[in-house]
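Undergrad: Take this structure, written in structure tokens, and hold onto it; I'll ask about it next.
The values are calculated or read from the model by the stated rules, or taken from the named source; none is laboratory data. Computed from a prediction, not measured in an experiment: that's the story for all the values here. Note: ideal-geometry Cβ built from the backbone for every residue, glycine included; neighbour counts use all protein chains shown.
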Amino acid sequence: MYHFDWQIFWQYLWPPTAFQNPLIRNGLIATIVMSVIAQAVGVILGLFAALAKMSKFAPLRSIADAYIWYFRGTPLLVQMALLYFGFGVTHIYDFPDLHLGVTTITGAIQAAVAALAINEGAYMAEIVRAGIESIDPGQMEAAKSLGMTFGLAMRRIILPQATKVIIPPLGNEFNNMMKTTSLAVTVGATELWFGFTQVNAGVFKPFELFIVASLYYLALTTIWAVIQSRIEASLGERKAIEKSPSWLSRLFAAR
Amino acid sequence: MDHGRSIPKAQTLDSNVIVKAEKVNKSFGRLHVLHDISLEVRKNEVVVIIGPSGSGKSTLLRCINHLEKIDSGHIYVNGHMIGYYEKHGKLYEDSERNIARQRAEIGMVFQRFNLFPHLTVLENIIEAPINVRKTPREQAIAEAERLLARVGLSDKRDNYPSQLSGGQQQRVAIARALAMKPSLMLFDEPTSALDPEMIGEVLDVMKELAREITMIVVSHEMGFARAAANRILFMDEGRIIEETTPEELYTNPKEERTKAFLSKILH
């Protein structure tokens, strides 16, 4: 009969005691920061890829297609390893540590964030494109008939409307992103999951510690679900659009 | 694309000619929608285009501000070729920026209004003057308020389009187009999407407007045509079949196809 070690369980579940261990504290911070940066860069990459995909210029379309094809068609784990180890060994880019005053961003974290962002961009491209295409073509025509260029019309007329369509799936992507950062452990990035595996290596309590680790991720995604439903509610405020699902129903919704 | 033709004769710069179309052809795939269309619209003229659906009238309108590309021929607005420039005897599509600049001089009103739903009525109207014309915001707002008063919607200035009736939306759309101070207004079936009781309010605004600005109107509103049009063009199968005055058209249509069409729309 396995003896469940409640002491370890509570020590690492209860944040004030858990955060005394820098592996957990810094790991949690790293996971949040990595998620936010990777998602933000992913959105920007996705926007450009979406615009490239809709371009009149064929080579640009092909580049965007190849990008989306490759990064959606290969495992993120492999992309991350290729970027960090592959680029390192060939000296294409060595991912040197970045010293920023009080903190150091390791090469592993940089590579992990880069891989997460590039991968995310490929998924966001399709989301952004779907958002743009959901807008009535009459909007672009009206904007053009008023003398707007494509870029101005996109910025002022199309994207503000497409945002409402893009935000809900974007929120789901971010939920995914926070969990997916745990893959960065494979290149040695010191994020939350790395912290728990390290603690476990010392005490060997995988059952207790990994339940706690899962609960940390659950807390992150739950907090995000609340924030996301607030954001969506405020988007729908100005004009009554379809009521967005509550964060509770979102948590339990089948995806 | 067939633009490898000889240079057309230099345009006679008659400043009274606002629109000049020469032998315009346009196909969608194998469907030849415009067939050697030539047309001249003079300053302050109001031209109404009628014809059965699929006759090419909306396409012609959309070619005038280059929302549709033409396959051959030339269209000039205010003496400038629209959408293309000429080099060594060939025509090339103009830069996006130049096309945008030309479109800024041409107002367009759409069948389905196409107001910007994320902007208020006022914001819809000042959007292009501020961002395209670089009009100072205060001045753009003052101008927009004048236009709103003119179309009778001053009280709707802070509403969103979705809060307006179809007729009100179309009047805002007219004000939005006018805010760019265009020298030509194109109306693409402006009342076809409206409930019958709202058609009058839009036509009243258009009639008022017809006194002071050059207009090309695709519409079957014969009441409007009679009251405001200088000329009526009847189009069928991509050609201008008959060109006449409203009175002539009523009393004495020459072409069989025109007669057949009129008997359908005049009850």
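Undergrad: Which fully enclosed helices (runs of 4 or more DSSP H) of segment B:59-170 have 2 or more residues being within 12 Å of chain A (Cβ to nearest Cβ)?
TA: On the way: elements: B:96-103, B:121-131, B:137-150.
The helices (runs of 4 or more DSSP H) meeting that bar are B:96-103, B:121-131.
Undergrad: Next up: Would a scan of segment B:177-199 turn up a residue that is in a helix (DSSP H, G or I), modelled with pLDDT of 95 or more and within 12 Å of chain A (Cβ to nearest Cβ)? Spell out how you get there, then give the answer.
TA: Going through segment B:177-199, the residues in a helix (DSSP H, G or I) turn out to be B:177-178, B:196-199.
Filter again for modelled with pLDDT of 95 or more, leaving B:177-178.
Checking which are within 12 Å of chain A (Cβ to nearest Cβ) leaves us with B:177-178.
Yes, because at least one residue in segment B:177-199 is in a helix (DSSP H, G or I), modelled with pLDDT of 95 or more and within 12 Å of chain A (Cβ to nearest Cβ).
Undergrad: To continue, here is another question. I'd like to know if segment B:136-156 contains one or more residues that are on the phi > 0 side of the Ramachandran plot and not aromatic (F, W, Y).
TA: Within segment B:136-156, one or more residues are on the phi > 0 side of the Ramachandran plot and not aromatic (F, W, Y).
Undergrad: Evaluate segment B:165-180: report whether one residue or more is touching a Ser or Thr at 6+ places or on another chain (Cβ under 6 Å) and either farther than 17 Å from B:L148 by Cα or not aliphatic (A, V, I, L, M) (or both).
TA: No - not one qualifying residue is present in segment B:165-180.
Undergrad: Does A:L116 meet the test of being touching a Ser or Thr at 6+ places or on another chain (Cβ under 7 Å) and of a type outside the set (V, I, T)? It would help to see each step written out before you state the result.
TA: Details: touching a Ser or Thr at 6+ places or on another chain (Cβ under 7 Å): yes; of a type outside the set (V, I, T): yes.
It is true that A:L116 is touching a Ser or Thr at 6+ places or on another chain (Cβ under 7 Å) and of a type outside the set (V, I, T).
Undergrad: Any residue in segment A:121-135 that is away from chain B (no Cβ under 14 Å) and more than 30 Å from A:I157 (Cβ to Cβ)?
TA: no
Undergrad: Quick one: which of A:A143, A:A115 is within 18 Å of the chain's Cα centre (by Cα), assigned to a helix (DSSP H, G or I) and either buried (at least 22 other Cβ atoms within 10 Å of the Cβ) or not aliphatic (A, V, I, L, M) (or both)?
TA: Every option except A:A115 fails the conditions.
Undergrad: A follow-up question, please. Only residues that are over 16 Å from A:T163 (Cβ atoms), aliphatic (A, V, I, L, M) and in a helix (DSSP H, G or I): list them for segment A:32-59, please.
TA: Residues satisfying the conditions are A:I32, A:V33, A:M34, A:V36, A:I37, A:A38, A:V41, A:L45, A:A49, A:A52, A:A58.
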